[in-house]
Structure formats: structure tokens, C-alpha cells
1. Just the residues that are outside any helix (DSSP H, G or I), open to solvent by 60 Å² or more (accessible area, probe 1.4 Å) and at pLDDT below 90, please, taken from the range 42-78.
2. Of the conditions (1) of a type outside the set (D, E); (2) under 20 Å from R184 (Cβ atoms); (3) touching a strand residue (DSSP E or B) at 6+ places or on another chain (Cβ under 8 Å), F94 clears all except one; give me its number.
3. Are there any pairs, at least 6 apart or on different chains, whose C-beta atoms fall under 7 Å, with the first in the range 283-302 and more than 15 Å from W48 (Cα to Cα) and the second modelled with pLDDT under 90 and surrounded by 21 or more Cβ atoms within 10 Å (Cβ to Cβ), and if so, which?
4. Please go through the range 113-129 and give me each residue that is more than 12 Å from the chain's Cα centre (by Cα) and open to solvent by less than 10 Å² (accessible area, probe 1.4 Å), ordered by number.
5. For the range 390-405, indicate whether the set of residues that are modelled with pLDDT under 80, open to solvent by 50 Å² or more (accessible area, probe 1.4 Å), of a type in the set (D, E, K, R) and touching a Cys at 6+ places or on another chain (Cβ under 9 Å) is non-empty.
6. Mind listing whichever residues of the range 81-108 are closer than 22 Å to A300 by Cβ, part of a loop (DSSP other than H, G, I, E, B) and open to solvent by 20 Å² or more (accessible area, probe 1.4 Å)?
7. Which condition number does Y278 fail, the rest of (1) surrounded by fewer than 23 Cβ atoms within 10 Å (Cβ to Cβ); (2) part of a helix (DSSP H, G or I) being met?
8. Name every residue in the range 137-177 that is touching a residue at least 40 places away in the same chain (Cβ under 8 Å) and of a type in the set (K, R), in order of residue number.
Amino acid sequence: MPRRRGRKPRVPLTQLLAALTFHVMQGTGTLAEHFAALFDETLADSSWADRRARVPWEIFAELMRRVLRPKATRRQRDAFWRGWRLVALDGTQFSLLNTPQIRATTRKKQTRRGRAAFAKLTTAVLLEVGLHNPLAAAMGRHGESEWALALRLLAHLPARAVLLGDRLYGVAAFVVHARAACARVGSHFLLRATRSTKPRVIKHLPDGTRLVQIALRARNSPTRILEWLEVREIRVRVGRPGHRSHELRLWTSLVDPQTAPAIELAQLYAQRWEHELYFREVKCHVRKTDLLQSHTVETAAQEVAALVLVSALLAAERLRAAGGQIPVLRVSFPKILDLCIKPMWLALELGAGLLTDQQLQQMMNRGYARMRRYLTPPRRARTCPRAVRQPIQAWPRVLQPRSITGAMHFQLV
């Protein structure tokens with residue numbers, strides 16, 4: 001990074017990062033207001049925009065590389081399966097403001113009713129599902145797709161992990177990259193296969209699953225096969241008594257039926273839904289606004305990076321509050337955020353230099369004790385019908401929302 005010339009900026013980088021992280025946790029207010037609350041200094045909104053525009057993206061990338069790491073230990077049993085750490089890969093999109101800078105550098109997606117109202121910033125996150133703890137994140141600052149961002153994140157896959165992925169990744173073009181990444185660190189993958197791919201069966205296994213080969217085809221010449229990839233295919237029928245079931249097809253690099261039973265893997269894949277719940281926490285509880293508040297794509301990426309860092313901080317605090325005595329995800333996310341983390345952060349900042357280290361530690365211990373009181377009840381075994389509010393293709397239209405309760409049944413096909 002080139003050396004800066006001239007006088008030092010009025011807001012040091014450490015204060016900028018702290019203020020931005022504190023800012024994204026608030027539902028209302030500007031960055032200037034939250035900076036003043038933390039450091040008792042004032043800076044105009046226009047000056048903040050200029051200061052953030054001059055911060056290189058590499059600083060946020062390096063900060064995430066240093067901060068985001070696995071946190072679960074053997075005490076958190078929900079974070080592991082047979083000694084393998086559970087991680088998931090998925091993406092989401094954040095809506096941007098319609099500022100002149102964003103409109104000049106982005107294109108809105110085409111929808112059924114014309115162009116979308118807002119441009120989107122695509123983000124992919126590699127997640128430790130048992131704690132909702134991000135391990136790595138990538139933002140599409142130059143319009144990259146979720147697919148391209150996900151391929152970058154494979155380099156951050158931890159050792160002895162099982163990687164979960166939905167149907168976007170259940171194709172040969174992704175399997176070849178996932179297989180290489182898993183082999184490098186001694187991990188495995190479990191992906192939901194797309195319906196369009198027709199594998200070639202090479203062996204039937206004793207438990208009813210099969211070893212298959214899937215064709216890796218040239219990108220610009222689909223008739224040319226570059227390589228045959230060998231995976232274990234699991235087909236199960238999933239449903240509840242009295243309701244229609246559906247077939248689930250999975251591909252995995254765990255080929256031994258003795259150490260990786262098919263039914264367990266099918267049940268394990270359901271843990272991928274924790275990634276959707278993580279995105280809900282970030283979008284609905286951490287940042288409660290419908291749109292990112294930044295005026296350029298670069299600063300919007302900074303805002304999302306701050307959201308990811310906040311989610312890592314909250315995962316660590318929930319883990320510390322659980323203390324190995326209760327499941328981490330039962331510690332209520334919105335309650336500890338609003339009633340513990342935000343007030344404690346401000347109190348510690350204001351009390352710096354006034355309170356002794358022992359007093360600060362006592363205050364934190366009281367905060368963790370209070371967090372343990374905010375527990376959510378055990379999750380109910382329920383699901384909702386696969387439908388949409390507006391009729392698209394053959395999906396039925398939702399007229400009356402309902403949910404289905406009862407235990408799930410898995411049957412090998």
C-alpha cells in the first residue's frame with residue numbers, strides 16, 4: 001500500500017472502524033452521530049463520506065481475514081457431526097440506495113415487472129453453522145455473481161469440516177473445485193444435486209446408495225467432456241405423515257456407508273438452513289433498515305463487511321455467554337444485541353479511564369449472566385409449504401399461511 005502524504009486524517013483508522021461497526025448495529029441515526037456518541041467528537045456527514053471513500057478495500061479484507069476464524073470446540077456438540085466441523089456456503093443480496101454514484105456504476109436486474117427498484121450488492125459467506133459464526137466473506141464490488149464469490153471462499157475452508165451447499169453448487173463445475181479444496185485440508189462436501197444432471201452409475205453400495213460419475217463439460221462446448229468426477233449419490237424421500245413427500249438427491253465425498261450412514265447425511269443436510277437464519281439475523285436484527293445507507297458501491301461493501309464483523313462478534317459473545325452449558329443458538333440473538341451488547345459497548349467506551357479493570361470485568365460478568373437468562377425455547381419440528389405469494393410457473397399461490405408440524409421421515413430411494 002503506498003505511503004500517505006500530507007497531514008494525518010482527522011479520524012484515525014481505528015476509530016473509523018470502531019464507529020462503522022457500532023453504526024451498523026443501530027436502527028436509526030447517521031455515522032456522524034454514532035461516532036460522536038462513542039468518541040465525543042464531531043465530523044460532518046460530507047467529511048465522513050470523503051474519509052470512507054479514501055479507505056482502501058484491502059484494509060477491510062485483511063481485517064476479515066484476521067478476525068473471522070472457527071470458534072466452536074468439542075463442548076459445542078451441535079457444531080460438529082462425528083468429529084467433523086459443520087460449515088455451509090451460501091449467498092445473499094443487499095439493496096443499495098438510488099444515489100447518482102451507484103446508478104452510474106451498477107445495473108438493476110430485470111424482473112417480471114421491469115427493472116428492479118434497487119441495485120443489489122451480492123455477498124457470499126462461509127459459515128460455521130453451529131454458532132452462526134462467519135469464517136470468510138466476499139462482496140461483489142465489481143458485480144460478481146454469487147457463484148464467483150463462492151469459489152473464492154473455498155480457499156478459506158477449515159480442516160476436518162463437512163461443507164454443506166444448496167442446488168446452486170450441486171453441479172460438476174463446482175464439485176471439481178470443492179473436491180480440490182477439501183482434499184487440500186482434509187475435509188468433505190455434502191451438496192444437493194440439481195435435477196438436470198444425469199449421472200452414470202458405476203457401483204451400488206450395500207446401504208442402497210450408489211457411486212456415480214458426473215461429467216465435467218467444457219464451458220463453451222457442452223458436448224466435450226473434460227473429466228468424469230466420482231461422488232457418492234444419496235437419494236431419500238423426505239416428508240411427514242399425512243403430507244406429500246419429496247425426493248432429495250445429495251452428492252458427497254464421504255463414500256463409506258459405515259462411517260457416513262446415508263440417513264444421517266440426509267438429516268445433516270437440513271443443518272444448511274442455519275445459513276438462511278444467519279442472513280435473517282444480519283438483515284433483520286443487526287441492520288434493521290431495508291437499504292444499505294452508503295452512497296457508493298465501495299462504501300456499501302464496507303458496510304456489509306462491518307455487518308459480517310458484527311455477526312462474528314455476536315457469535316463470540318453468545319458462545320461466551322453459553323459457557324458450554326447450553327446450546328449457543330438458544331441464546332436469544334435480538335435480545336442480547338439490544339439489551340446487552342449495545343449498552344455494554346457504549347458503557348465500556350464511556351467508562352474507559354474512569355473504571356478499574358476489575359470493575360470493568362465485573363460489569364462484563366454481570367452482562368454475560370444476564371445474557372444466559374435470554375433463552376429461546378427449543379425449536380419446533382415444523383415446515384411451511386413450498387409456495388409463493390404471486391403465481392410463478394407451477395407453484396401454488398399462498399392464500400392462507402400455514403405450517404406443518406411433526407417429525408420428519410427419511411426413506412432411501
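The values are calculated or read from the model by the stated rules, or taken from the named source; none is laboratory data. Predicted model only: the values in this text are computed from it and were never measured. With ideal geometry, Cβ positions are generated from the backbone for all residues, glycine too; neighbour counts draw on all protein chains shown. Accessible surface areas use protein heavy atoms only, side chains included; no ligands, DNA or RNA. Shrake-Rupley method; radii C 1.70, N 1.55, O 1.52, S 1.80 Å.
1. Selection gives T42, R54, R74, R75.
2. It is condition (2) that F94 fails.
3. Close Cβ pairs (under 7 Å, with a partner that is modelled with pLDDT under 90 and surrounded by 21 or more Cβ atoms within 10 Å (Cβ to Cβ)) amount to H285/F333; V286/V24; V286/M25; R287/V24.
4. A119, L121
5. The answer is yes, given that some residue of the range 390-405 is modelled with pLDDT under 80, open to solvent by 50 Å² or more (accessible area, probe 1.4 Å), of a type in the set (D, E, K, R) and touching a Cys at 6+ places or on another chain (Cβ under 9 Å).
6. Across the range 81-108, the qualifying residues are L97, N98, T106, R107, K108.
7. Status for Y278: all satisfied but (1).
8. Selection gives R141, R160.
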